[in-house]
Amino acid sequence: MQTPRLPFQLAAEAPGSRARAGAFRTLHGEVRTPTFMPVGTRATVKAQLTQTLEECGAQVLLANTYHLLLRPGPEVFERLGGIHKFMTWERSVLTDSGGFQIFSLPKERAMLEEGALFKNPYTGRDVLLSPEVSIGMQRSIGSDIMMALDQCIPSTADHATARAALELTQRWAVRSLEARGDSPQALFGIVQGALFKDLRQLSAEGLTALPFDGFAIGGLAVGEGREARESMCEFTAPLLPATRPRYLMGVGTPLDILEAVHRGMDMFDCIMPTQLAQRGGAFTSRGFLQMRRGVYRFAEEALDPACGCPTCRRYSRAYLHHLTKSKETLGWQLLGAHNLHFYQSLMRDIRASILDGSFLRLYHERRAYLHAPDLDHPTDGKPSTPRPSGPPRVLGAYEVHGAQPSSTSTSPGLSIVHRPSGAVMHPPAPPTGTSRLPFIGSISNIRDRLLELLRTPDSANEPVVLWDVTMGTAGNAMAAVACYEEAAAAGPLRPLHLISFEDDPDLLRLALLHHGHFTYLRHAGPPALLRDGAWQSRKLPGLQWRLVQGDFPVAISETSQPLPRPDLVLHDCFATQRRGEQWTRDAFAALASACATHDTELHSADCSPQRRAALLAGGFHAVHPAPGDGGSEATVALTASAAARRASVPRPGIG
């Protein structure tokens, strides 16, 4: 193998860990690893001056070939002397090849052996991004480190798709090396293979046989959960040469980076420091702070008492809260500068701990707060400013009955009543536990069936679809969310697409206003669902929740886009005085028609003969009693496919 253009020296490895500290030299100076590269996609890190980046300690910036090819184009860089002079940055630059950006345009590009064909959004003309074009553009940019063009696919892709992508990436890697020619710029190859260890090993073996100056792990942080990403990183890192830098692309949060360093990675990039700053988010030694929160309105202390960045030295939390709430650009700039300083400080601390042999101690100490919310003002704590009048007790057709629980009492205190009918829309006792389905959750096998579906290995890429009829105060939906979040910690799951039906979301809005009682609503999902009509977990992208408003039988037949057929239906229309129409034969016929020949189970707390007869008359193939807690009884209804499956595998307590 020829002498690399990026000589790498390994300085130390941490005892009890794969964490390592090293250094390499680019055309613009030495880079000490581990290192975090702020993302300057279009030759700018959003809302930040290059002086700020220098002061926080950034050693390498990342720019993107796809965006710079489209605007300003290669001629600008060639005439003005390259990206360093163009953006007044004297330190190192790494350019991504454009593969991920092509991946993000699935409906507007075609993948060919020659390269990726797409339309220029500014001119409408066809553009072919080939390995030769990508490397040629990176040579014009004048970056210190170039990336070979790869085909990025979702990490949850099937084996055949992942193998085809890595084989194309391998062929493009050879062409990228040839296109570099005699350029002094370094070039990294990118290991692909989705979540398949055999493919990751095959990709690594093929690429490490080529004269690359470093190697990246690509195709992660694009759909998989944290545990799957960490597992694949841990498997792949040792497959890469110890004498070359290792780059984990697109990762991530401070905790993600700490975990990846522990597994042997050296280089990282992510848009989070500036992207979250734009939304009011700040990483601190006291946890992650969201500056939109009213708890900071009168806060005179610094953003992070342990931070010495210009933002923390000069500005109060109250001022940063004001800027964020007012959507002033200065707030984005100041929070972004702090976040970048936080990242760079973390990298320096990690490197120092590897060099002095204390990394494992730092690893365990930092894990305690790097992923935590505000440790001083937790979201489930008491408000900082007392509100004697309390939240409103009436909203639309709903009214809160009972007393607010005290800070020292666990008494439920509240119920919500549908005023026109007098129906109690929430039982006296709040749902308890995290994964128990609280209302129809007395049925013993709902959670087991949900977990069985989520863990079905031969359907790993197909989402489990759960219909929540009717949402109410979101107790069932949130228990399903909690069930998924808990199970994901134990291993990979299929995606879960949760669809809640509700004709009047004021019920959930009122419950949210009284979240001191409805404690399971202290979660990002319900507010986002009411605000946007949908929510997707940031931590677990496979977890999605959608709200469909309107009368249920009408909603399932008149949505603008056909709804996916459900695998599981939670039918919790407990207030028949208000929703009696949803218990009729016609309503069940509409539901059975929507399920068609799909394997669907419907679970309901209602065990009356009339309801079971309506289910059978509506088209369900079989209706059985189901055991519940405390000797109660409920109902499970099955489509023909579900009944056939149940008949082949007898289930205790059914029949």
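FYI, it's all coordinate maths here, none of it is from the lab. Just so we're clear, the structure is a prediction, and the values are computed from it rather than from any experiment. Every residue, glycine as well, gets a Cβ built from its backbone with ideal geometry; the counts of neighbours run over all protein chains shown.
Taking amide hydrogens as modeled 1.01 Å from N in the peptide plane, which residues meet the under 5 Å criterion relative to residue 622, leaving out close sequence neighbours?
HN-HN under 5 Å from residue 622: 638.
Beyond 39 Å, what share of the Cα-Cα pairs of the chain remains, rounded to the nearest whole percent?
41 percent
What ³J(HN,Hα) values, in whole Hz, does the Karplus curve 6.51 cos²θ - 1.76 cosθ + 1.60 give for region 491-497 when θ = phi - 60°, with x put for Gly and Pro?
Going residue by residue, I get x, x, 10, 5, x, 10, 10 Hz, with x marking Gly and Pro.
What are the ³J(HN,Hα) couplings of region 146-156, residue after residue, when phi is run through the Karplus curve with 6.51, -1.76, 1.60 and θ = phi - 60°? Round to Hz, x for glycine and proline.
9, 10, 5, 5, 10, 9, 8, 10, x, 5, 8
In the chain, how many lysine pairs have Cα atoms under 24 Å apart, counting only pairs 8 or more places apart or on different chains?
7
Rounded to the nearest 500, what is the chain's calculated 222 nm mean residue ellipticity when only DSSP H runs of at least 4 contribute -39500 (n - 2.57) each, over all residues?
-10500 deg cm²/dmol
Give me the distance between the Cα centres of region 58-125 and region 517-566, rounded to whole Å.
With region 58-125 and region 517-566 each reduced to a Cα centre, they are spaced 36 Å.
Can you tell me how much longer the chain between residue 539 and residue 349 gets when fully stretched, taken as 0.36 nm per residue apart minus their C-alpha distance, in nm with one decimal?
65.9 nm
Multiply the residue gap between residue 300 and residue 616 by 0.36 nm, knock off their C-alpha separation, and tell me the result in nm, one decimal place.
107.3 nm
Can you list residues from other chains, or at least 5 along the same chain, whose modelled amide H is less than 5 Å from the amide H of residue 37?
Distant-sequence amide H within range of residue 37: 268, 269, 270.
Along the three principal axes, how long is region 8-270 when you take its alpha carbons, biggest first, rounded to the nearest angstrom?
51, 45, 35
How large is the Rg to Rh ratio of region 44-156 when both quantities use alpha carbon positions and Rh follows Kirkwood?
Expressed as Rg/Rh, it is 0.99.
Show the residues, 5+ positions off or on another chain, whose built amide H is closer than 5 Å to the amide H of residue 217.
Residues meeting the criterion, in which the H sits 1.01 Å from N, are 191, 247, 248, 249.
Roughly what % of DSSP beta bridges within region 8-270 run antiparallel, to the nearest 5?
40 percent
Hey, rough spin-label estimate for residue 12 and residue 80, points 7 angstrom out along Cα→Cβ, what's it come to in nanometres?
The two pseudo-label positions are separated by 4.1 nm.
Using the Kyte-Doolittle scale, which helices in the chain average at least -1.0 and also have C-alpha atoms spread 30 Å or more along the helix axis, with helices defined as whole DSSP H runs?
159-180, 329-356
Averaging the inverse of every distinct alpha carbon separation and then flipping it gives the Kirkwood radius. What is it for region 502-557, in angstrom units?
Kirkwood hydrodynamic radius for region 502-557: 12.3 Å.
How large is the direction-averaged shadow of the alpha-carbon convex hull of region 272-382, in nm²?
6.9 nm²
Quick check on region 1-107: take the gyration tensor over C-alpha atoms, sort the square-rooted eigenvalues as a ≥ b ≥ c, and tell me if it's rounded (a/c under 1.5), prolate or oblate.
prolate
Out of the trypsin sites (Lys or Arg not before Pro) in region 93-195, which ones are loop residues according to DSSP with at most 14 other C-beta atoms within 10 Å?
107, 125
What do you get for chymotrypsin sites (Phe, Trp or Tyr not before Pro) in region 92-176 restricted to DSSP loop and a cutoff of at most 12 other Cβ within 10 Å of the site's Cβ?
Passing both the DSSP loop test and the Cβ count: 122.
If you count the DSSP beta bridges with both ends in the chain, what percent of them are antiparallel, to the nearest 5?
50 percent
Which trypsin sites (Lys or Arg not before Pro) from region 196-292 combine a DSSP loop assignment with at most 16 other Cβ atoms within 10 Å?
Those satisfying the criteria are 279, 292.
Given labels modelled 7 Å from the Cα in the Cβ direction, how far is it in nm from residue 490 to residue 234?
It works out to 1.8 nm between the two label points.
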